[in-house]
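K.L.:
Quick one: the structure is below, questions incoming.
The values are calculated or read from the model by the stated rules, or taken from the named source; none is laboratory data. Everything numeric in this text was worked out from a predicted model, so none of it was measured. Cβ atoms come from the backbone with ideal geometry, glycine included; neighbour counts cover every protein chain shown. Side chains included, ligands, DNA and RNA excluded: accessible areas come from the protein's heavy atoms. Shrake-Rupley method; radii C 1.70, N 1.55, O 1.52, S 1.80 Å.
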Amino acid sequence: MEIHTANCPKCGSVFRRNLRNLCNTCIQEENVFFDRCSNYLWKHPATHTRQLSAVTGTPMNLLTDWVRAGKFPSTYSQLDYPCESCQSPIYAGRLCHSCLGTFRTAALDIQTRIPRRTATGLFSIAERVKSF
């Protein structure tokens, strides 16, 4: 029997692997932070992400991971997280509208510059069937 162990990415202690990839101490610490955030949001549903982090003492990166993963109900509409490209606040997806437009135009530009492959040099089963 093999026991799968790893080092906790937060504190470095050795632990038995689990779904959250954290040791029990760090899991309990995250649960405390999550409970604080949930309780505060219950009383103050219009709170912004930065304000929630400051009031509850929850690290901003942990809070943005939770918001990005959808751990809070959508009724808390003021919770945002940074765009992966420009870091501007967004409420859904991975990119803001500006960056999404930039990537789309760049993709279309690349698509027009690369010539399309023609079917002349490719293998075709239909041609093989006709020869029999």
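K.L.:
Quick check on my filter: what residues within the range 11-47 are loosely packed, with under 15 Cβ neighbours inside 10 Å, among the charged types (D, E, K, R) and within 17 Å of P73 (Cα to Cα)?
P.N.:
D35, K43
K.L.:
Okay, next question. Out of all the residues in the range 53-64, which are of a type in the set (A, V, I, L, M, F, W, C) and open to solvent by less than 50 Å² (accessible area, probe 1.4 Å)?
P.N.:
Those that are of a type in the set (A, V, I, L, M, F, W, C) and open to solvent by less than 50 Å² (accessible area, probe 1.4 Å): L62, L63.
K.L.:
Separate question: Where the second residue is assigned to a helix (DSSP H, G or I) and the first is among the basic types (K, R) and lies in the range 21-45, which pairs have Cβ atoms under 6 Å and are six or more apart or on separate chains?
P.N.:
Matching pairs, first to second residue: R36/T56.
K.L.:
Further question: Any chance you could count how many residues in the range 55-97 are of a type in the set (G, A, S) and within 21 Å of I27 (Cα to Cα)?
P.N.:
Counting residues in the range 55-97 that are of a type in the set (G, A, S) and within 21 Å of I27 (Cα to Cα) gives 3.
K.L.:
For E2, indicate whether it is surrounded by 11 or more Cβ atoms within 10 Å (Cβ to Cβ) and more than 24 Å from Y91 (Cβ to Cβ).
P.N.:
No, not satisfied.
K.L.:
Kindly indicate the residue of the range 69-118 that is open to solvent by 100 Å² or more (accessible area, probe 1.4 Å) and within 19 Å of the chain's Cα centre (by Cα) and also nearest to R20 (Cα to Cα) among those meeting that condition.
P.N.:
K71
K.L.:
Moving on to the next point. Does R50 meet the test of being open to solvent by 90 Å² or more (accessible area, probe 1.4 Å), part of a loop (DSSP other than H, G, I, E, B) and not β-branched (V, I, T)?
P.N.:
Against the criterion (open to solvent by 90 Å² or more (accessible area, probe 1.4 Å), part of a loop (DSSP other than H, G, I, E, B) and not β-branched (V, I, T)), R50 does not qualify.
K.L.:
Using the structure shown, decide if V67 is in contact with a strand residue (DSSP E or B) (Cβ under 6 Å, 6 or more places away or on another chain) and either in a helix (DSSP H, G or I) or not aliphatic (A, V, I, L, M) (or both).
P.N.:
So V67 passes the test.
K.L.:
With the structure loaded, tell me whether S98 is of a type outside the set (A, V, I, L, M), on the phi < 0 side of the Ramachandran plot and at pLDDT 85 or above or whether it fails that test.
P.N.:
It is true that S98 is of a type outside the set (A, V, I, L, M), on the phi < 0 side of the Ramachandran plot and at pLDDT 85 or above.
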